[in-house]
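The values are calculated or read from the model by the stated rules, or taken from the named source; none is laboratory data. As the structure is a computational prediction, the values presented were derived from the model and not from experiment. Virtual Cβ from ideal backbone geometry, glycine too; neighbours counted across all protein chains shown. Surface accessibility is based on the protein's heavy atoms, side chains included, excluding ligands, DNA and RNA. Shrake-Rupley method; radii C 1.70, N 1.55, O 1.52, S 1.80 Å.
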Amino acid sequence: MTTTEPRSKRLARELRATGLLALPLALGQLSSVAMNVVDTWLAGQHSALTLASVAVGSQIWSLVILILIGVLMALPAFVSQLNGAGRRHDIGRLFRQAIWLALAMGVVLMLLVRQAGWLMRAFGIAEAVQPGAESFLLAISWGAPALALFFVFRGLSDGVAWTVPTMLFGFGGLLALLPLGWAFMFGHFGLPEMGAAGLGYATALVLWGQAGGFLIYLLASPRFADLDLFERIDPPRWAPIRDVLRVGLPMGISIFMEGSLFVATGLVIGSLGATEVAAHQIALIIASATFMIPFGVAMATTVRVGHAVGASDLPGVRRAGGTGYLVVGLTQTASALMLVLGSAAIAGLFTRDPAVTALAGLLMLYAAAFQYADGIQALSAGALRGLKDTRVPMFITAFSYWGIGMPTGWALGVKLGMGPQGLWIGLIGGLSAAALLLTLRFWKLARKPPGHP
């Protein structure tokens, strides 16, 4: 005789499974964003010009992060499906090829960041801001290969449903950045005062420390011993790298489409004046911090959906996705309330300039308005990654962010003279369109994923 599990008990089990995966991931992502918060806060203590320089430089650096996250986020999807199918012996070979891919991407992006001066000139960034922003980028660019390796190491660990190291190494880097950034920027402990460049060097050093620490952990932990991750050095092989790129490149483009919308918005605002760019940076940092929570839930959903696909558990795919939407609904309600009720107080933590504080507080109200759309589009994209469905989402995000979001923001903010507020309305429009279309895509495929019998 069989018994049916009560719905409330099943829901509690699903929420627990998602929460145990998502909490360390969300905290790890928050610590990554908190590094930008620390950079922004330290820069604000140095001078308004340093704050504006780091704000512009951070916008461009975030493109590097987005590209690496997007492409290398394919690794957890592959690893979780191999793990769910009982093919752990294949994970080590995939991991070694992913390292080659990460190194190549890291070096290329490092070289590109060092040529970013033309981008600032093309967007008409204030001449007073450009030298500091360029020095920040030249310094932080040395950390691009380390960041790529770190994403591979955490992708492996997250893919086998062990997300605690992501949190621990994330917060370890954050704790190291505060004293290092202070010393390098202001010139303590015998170091010269380097301003914005000092923050760049400190961040690059922390990134190498995080990658090195994660590597040592993978070598020493018995949790990964059966994967034979480092049993030999494999030469680069195109076939497995191509498979990762086939899934990862559309993901990278999708994330780049969203992130570049925010970056382009920031660069356009950067042409409006120092007050506008400083206020935008503060509001964006807080919005990015709140986004890391649903992003962590989305990454956990990727793993859970991928595991269910590997185990040929179609109802499990739907349960994993549905639980993710429920959790994101709760987290985004809390984020929206925090932004509405605390916008002025939060802005005051970053600057003593009343004009910057007032505008940043206003922009945070716009950020509150897109909390649900931002969380839902992130969760839907994460669930689709678990299905290895990335090509159609790529077109959806390109249309939503650059077919709707940027034209709307440009028309309202620049042509109609609404300034930063108009550009943030464009962000709301782009995120809302992506949330609707990606959600419809997931539930369509959740009925019968590609390749499911």
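Structure notes:
- Taken together, the residues in the range 177-200 that are without any contact (Cβ under 8 Å) to a residue 60 or more places away in the chain, part of a helix (DSSP H, G or I) and on the phi > 0 side of the Ramachandran plot amount to 0.
- Selection from the range 267-287 of residues that are surrounded by fewer than 21 Cβ atoms within 10 Å (Cβ to Cβ) and of a type in the set (S, T, N, Q): 271, 275
- Counted residues, the range 213-234 - those being open to solvent by less than 30 Å² (accessible area, probe 1.4 Å) and either more than 17 Å from residue 152 (Cβ to Cβ) or not in a loop (DSSP other than H, G, I, E, B) (or both): 5
- Check on residue 116, buried (at least 24 other Cβ atoms within 10 Å of the Cβ) and hydrophobic (A, V, I, L, M, F, W, C): no
- All positions within the range 119-176 that are of a type outside the set (A, V, I, L, M), outside any helix (DSSP H, G or I) and touching a residue at least 12 places away in the same chain (Cβ under 8 Å): 123, 124, 162, 163
- Any chance residue 252 is under 22 Å from residue 22 (Cβ atoms), within 17 Å of the chain's Cα centre (by Cα), in contact (Cβ under 8 Å) with a residue 12 or more places away in the chain and open to solvent by less than 20 Å² (accessible area, probe 1.4 Å): no
- The condition of being open to solvent by less than 10 Å² (accessible area, probe 1.4 Å) and either in a helix (DSSP H, G or I) or modelled with pLDDT under 80 (or both) does not hold for residue 62.
- Here residue 293 fulfils each of the conditions (1) at pLDDT 85 or above; (2) open to solvent by less than 20 Å² (accessible area, probe 1.4 Å) apart from (2).
- Picking from residues in the range 313-353 that are open to solvent by 30 Å² or more (accessible area, probe 1.4 Å) and in a loop (DSSP other than H, G, I, E, B), the one that is farthest from residue 19 (Cα to Cα) is 353.
- Verdict on residue 57 being open to solvent by 10 Å² or more (accessible area, probe 1.4 Å) and farther than 23 Å from residue 394 by Cβ: no
- Any hit, the range 382-403, residues being in a helix (DSSP H, G or I) and more than 21 Å from the chain's Cα centre (by Cα): yes
- Residue list for the range 65-110, restricted to those being open to solvent by 10 Å² or more (accessible area, probe 1.4 Å), more than 27 Å from residue 36 (Cα to Cα) and of a type in the set (A, V, I, L, M, F, W, C): 78, 82, 85, 94, 100
- Selection from the range 119-147 of residues that are farther than 30 Å from residue 235 by Cα, among the aliphatic types (A, V, I, L, M) and crowded, with 17+ Cβ neighbours inside 10 Å: 119, 120, 125, 126, 129, 133, 137, 138, 139
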